[in-house]
Structures are given as structure tokens and as C-alpha cells.
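Report on the following structure.
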Amino acid sequence: MKILGPVAFLLAIALLASSDTPLPAQPHERFIIVGFDGMDPAVTERLIATGKLPHLSWMKEHGAMRVLKTTNPAQSPVAWSAFSTGSNPGKTRIYDFLRRNPATYYPDFSTVTVRRGKFAFGFIPTAAPTVTNNRRGTTFWQIASGRGVRTAVLEAPINFPPEKLQNGVLLSGLGVPDIRGTMGTFSYFATDATGAGDTEMGGKVARLTVDSSGRARSVVHGPRNPFARRDAEGRIPDLTIPVEFRRLKGGGLRIALQGQVRTVRQGHWSDWYSIRFTVAPMVTVRGIARFHVIETSPEMRVYLSPINLDPRRPPIAISSPPAYSAQLARKLGLYKTLGWPEDTWALNEEKIDEEVFLQDLNYSFDRQRSLVLDALGAMDPDLFVTVFQSTDKVQHMFWRLIDPQHPMYSRRLAARYADAIDRVYMRADSLVGLLLERCKDGRTTLLVCSDHGFSSFRKAVNINTWLVRNGYMTLTGTDPARDRNLEDLFGRGTFWPNVDWGKTRAYALALGQIYVNLKGREREGVVAPGAEYEALRDELKLRFGALRDPETGEIVVRRVYKREELYRGPYFDEAPDLVVGFERGYRVSWQTSLGGIPPELIEPNLRRWSADHCSVDPDLVPGVLFSSRPLHATSPSIVDIAPSVLIRLGVTPPASMDGRDLGLR
């Protein structure tokens, strides 16, 4: 008798627990689909030409390589939602990383809706918090699983909380928050820090004071305190736990946190720390995090990674079946669960350097690689899907070192790290080589795809500043509002404090979206629906579309799109009124995405986040598609993958899908 492995046993129990589980199918064809977020066709072609991607080169020669049309906007949550459902954003309801509430003008995450728990007498939990996935449409893997196809999906983007698979397992990816409910709040402790506070892009900075015995004490920030009053800025204070650092003779730090005491040498990472926050007498949330000791002396500088949900006991399920995440941790060790696994924010805020970032990026890639190979070996699924984020994040942060025209180009750093992007692509190609071995059975097709490509981000455009200067937005004061940061977003701080909505006709939020302050929709709308609305959109499209860089005279905007040019479906009314597509080198500013109104219209990008695709015209940043066997389609779109896979698995795609058959031969 064959003994079931742990994964197969867990899967069998999950299947038996469902009375309507179909009998496992035996499809004639099988698929392995690997997404490499942000893999750029031009970069890929360059590396193929120089012999650095032998396995992708083989796929191009013996199968197919195509430029892959992405969504508008070319953003990961938008594009991966289209990939998984075969549908445009008007049907998935995902138009951006952020969405705005017309009743408050506030931004929020587009992918999930969080409702706080309820407590009797201020401390007895009576209702658990809930998290709802806002993405609509049915994924092709859920459809296939429901038809009996043995399925495994790892690090699935925009699939949190995870959907149930009738015949398989799923681990959520992009969209899973950290323990604070953010995309990754890091912590930085240093004796030379300027003081406690929040960085623009989501970091907690604490100043350390070392006593005569070499000890320094601080706190680690956790979830927001549900019983605390808002502060003067309207933010909800955090729950915290104490942490202690102690210098050791001979170097290194002893780091003590909740009874866990470890010695970490300078320049090294700690093992995972298990972290608990007590929300209420009967409510505890658990996470995991790692320390990196940057310096022990003369200054003490320590970085703490975002606190990931503990896969062994996540407060909200991150896998389907729910026990699958814990089973993986027991078998393979702890792993990151945060859907934004690489800490771009800490490098962007200059709290870690390039070397530390790459160490962590490679660690993340290797851990996911282990999960992928284990699932393929243990389950031998007929449909396997996974998406890696590392290719995206390394380009965001290191493009400045391959673009001498970028304001943050450094010859010194380029001499050391100009090949960082190439090396991550080569790491991806190595995995492709292992997966191609599984295609020798004659039944299995390997598809490798990306959601978008990349462009240098040299200058930031403040759209709200343009709206103010051109009379579309009116301020109540003479000075613009202070810069916003991610803590304002996650902590529900005060937004738009000096905007006169009664005299404002348009405003910008998120990554390149312009909204009309419409009567009957916005809380204080002033623009009448119909002719006035259409005339305003036409005017904005014409005038903002003609924007030129005052420093160089270059055209800044490639095209401004009306929403009806891009979207159709039941959620069309939630779409932005206008979508901006910038030319290469330009991108919407961080402040615009958070509702900020800086004084300058166009600013040099002096951040390490030096390349992007968000708000860049999608025609300039397409994705890429490789197939291990030929395909007929010459100009495929990302929505075409879902129906094409279902057809080859013997499953009829839903009529609601927008994609067409790729013609895999």
C-alpha cells in the first residue's frame, strides 16, 4: 500500500470533507504556468542575445516568445486580476492599487475591504474582524478545480482571502498584508536617528539611547489598538511590545524580544522571531520577522523586517485549505507570507543598502522556489500556477544603475550593482530550466509570462498641483497641505484638509487616475452629469494631455484615456473618469497617489525607486509570454491566457471571459 505524503494526505482530507467534490479528472494536457512579475520583453531579449537566459532562449526557439499586451493601467493588481479571470477591470473591479470613496474622498486599498471586529464592554470580542476580497470574476484555476482538475496555486496574486479549490491547494500572494494591515511596515532603530516617526513610504523610525552597560531599549509596532482614541492627526495608535538590544564584546548584538534571545553579528540576519500582540484578553495575533544588524559600533543601527503573518497560525486564512500554510511551514520551515515580499520601502528610505536588499530578495526567491518544487513533486498537479515578485522589485530599485540619465545614477554603485537586474533574470531562467524537465512527458506545457514591463522613472508629475494651477481644484489656504505618507493611508489620517470642494471640479488619487467632482456621486460634487461632465473631461484630456516639461520642452503625457475607451462590465461605474498614460521617463508622483499637493509641478525623482510601469502608457510597458510549444496568436493579451488554458484542459471557458484562444499547437 502506498503511503500518502503530507501534502497529498492534507489534500485528500480536504476533498473528502466536501460532499460535492467531483471525481478527479484525467485531462489529456497539463500546464505549469509561472509568472515573473514585471519581466520586461526588451530586457529579456537583451539577455537572450548575450546567452544569459539559455532556457528562455530554448522556449523562444522551439516554442514561442511574444510581447504580451497588458491592462490599462499597467499595474500588478489590475493585470494579475485580468490574467486569472480572463476579464477586463470593468468585470474584475480592480482598477488600481488604490480606490477612492466618493463619500469621503479618501483612498483605500482596492483589493480588500476590512471590517473591524466588535467588542462588548470594550474588551470582550463579540464579532471577529472580516476581510473581503474585492476582486470579482472566477479564476481559471477555480473553474478547472471545480471540474476535477488536480490543481496547485502558490503565491496567487489578488487572491486574499483565498478562494476554496474543490480539487487542490492554494497559497495567497500579492495582496496578503503584514500584521499591521499594510503592504510592509519595516522598523529602523538607530542611535543617530533624527527621532521617532513615520517615513513617507511606510517605515517606523526609533532613536536608540545606549546606557553604560551597552543596552538600548525600544518598542516594536504591531496592529492598531482597537480601543485607543485617534490622535490629533486622526490616526489610531499602535499596539507595541518591548525589544532590547545589547552590545557584546567582540562584536554583535544580543536581541531580546518576548523571551527570545539571539546573538546577531554585524552585517548578518537573525533567524525568524515569533511575535505576539494581544489585541484583547482573548484575542492574540501572531507574526514572524527577522532582524538585520547594520552596525554595532560606534553607532547602533538595526533593521527589522515587516512582521509577516505567521503561516502556522495566521489570524486570517492565507491558504486553501486553511491548514495548508501551516503544513508547508512544518515541512519546509518558515517563509514570508507578505504579498509584497521584498522590502523596497526600506531601501527607498535609505534605511538599508543595496546589498542588504539583494540578500533579502534572493532569500525570498529561494524560499518560494522551494515551495514550488515541493508542491510539484508532492502533488504532481495537472494545473500548477505560481507568480514570483523578485523580477519586479529588483527593477524598481536598481534601474537607476543602468540608466546614466537618471538623477540617481551612481557610477560607484553601478560598478558593483549594474548587473543586479540581470542576475535576478538569470535566477528566474534557472528555475525555468528545472520546470522544462517536467515537459518531457509530452503532455505538459510550460507557460512563462509577466504582467507588464518597465520604464525608467526620472521625473515625478504632481497632477493635483496642475489641477490647482489651472483652476480645476481650489484650496482654502495659501499653502499646500503637508506631504502625506502611508501612515495617513493605513492609520486613517486626515486627507484633503485644505481643499474647497465647493469650488473644485476635479481631483487626482491613486496612480494616474483623475476623478470629476460629480454631483450625485461625490459627497460635495459640483459638476453636473451629462453635458457639463463630458465637456470637463474633454477639456482635461486636451489640456493635461498637452503638458510639456518646462525644463526640457519634452512631451510628458502620451495619452489621456476616458474610462469608456478602456472598460466594460458590471463595475464600470466604479472606474476613474480619466486615466493618464505618461511618456517614458515620467510617472505620477507619490504625493499625487496619496492626495498630496506639493508646490512643484514636475520634480526630479531622487529616490532609489527608479523605474516603474504604473501610470506609464501601457503600450510602452507590455509584458512577455513564453510557451514551451508553438502558438498561433501573434499579438496576445494577458486576458487570453485563462481561456486558452481551460480549453486545453477540456473545460469550456465562461462566456463572460474577454480573452481569446492563443492557439497553442
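Listing for the model above:
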| quantity | calculated |
| --- | --- |
| Count of residues meeting criterion [in contact (Cβ under 8 Å) with a residue 24 or more places away in the chain and either surrounded by 16 or more Cβ atoms within 10 Å (Cβ to Cβ) or not basic (Lys, Arg) (or both)] in segment 534-559 | 15 |
| ASP192 vs. criteria acidic (Asp, Glu), modelled with pLDDT of 90 or more and either assigned by TED's automatic domain parsing to the domain that holds LEU334 or closer than 30 Å to LEU594 by Cα (or both) | yes |
| Criterion: modelled with pLDDT of 95 or more and of a type in the set (Gly, Ala, Ser) - qualifying residue of GLY502, GLY477, GLY493 | GLY502 |
| Test for LEU338: is it under 29 Å from ALA144 (Cβ atoms), in contact (Cβ under 8 Å) with a residue 24 or more places away in the chain and out of contact with any Gly (no Cβ under 9 Å at 6 or more places or on another chain) | no |
| All positions within segment 411-454 that are among the polar types (S, T, N, Q) and either touching a Gly at 6+ places or on another chain (Cβ under 7 Å) or outside the structural domain of ASP366 (by TED's automatic domain parsing) (or both) | SER450 |
| Count of residues meeting criterion [under 25 Å from ARG313 (Cα atoms), charged (D, E, K, R) and at pLDDT 95 or above] in segment 233-291 | 5 |
| Selected residue (criterion: farthest from LEU401 (Cα to Cα)) from residues of segment 578-619 that are surrounded by fewer than 21 Cβ atoms within 10 Å (Cβ to Cβ) and among the acidic types (Asp, Glu) | GLU600 |
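Let's see how each residue does on (1) touching a helix residue (DSSP H, G or I) at 6+ places or on another chain (Cβ under 9 Å); (2) without any contact (Cβ under 8 Å) to a residue 60 or more places away in the chain:
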residue	(1), (2)
PRO598	yes, no
PRO604	no, no
ARG607	yes, no
PRO630	yes, no
THR634	no, no
SER637	yes, no
ASP640	no, no
ASP661	yes, yes
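The values are calculated or read from the model by the stated rules, or taken from the named source; none is laboratory data. What you are looking at is a predicted structure, and each value in this text was computed from that prediction instead of being measured. Neighbour counts run over all protein chains shown; Cβ positions are idealised from the backbone, glycine included.
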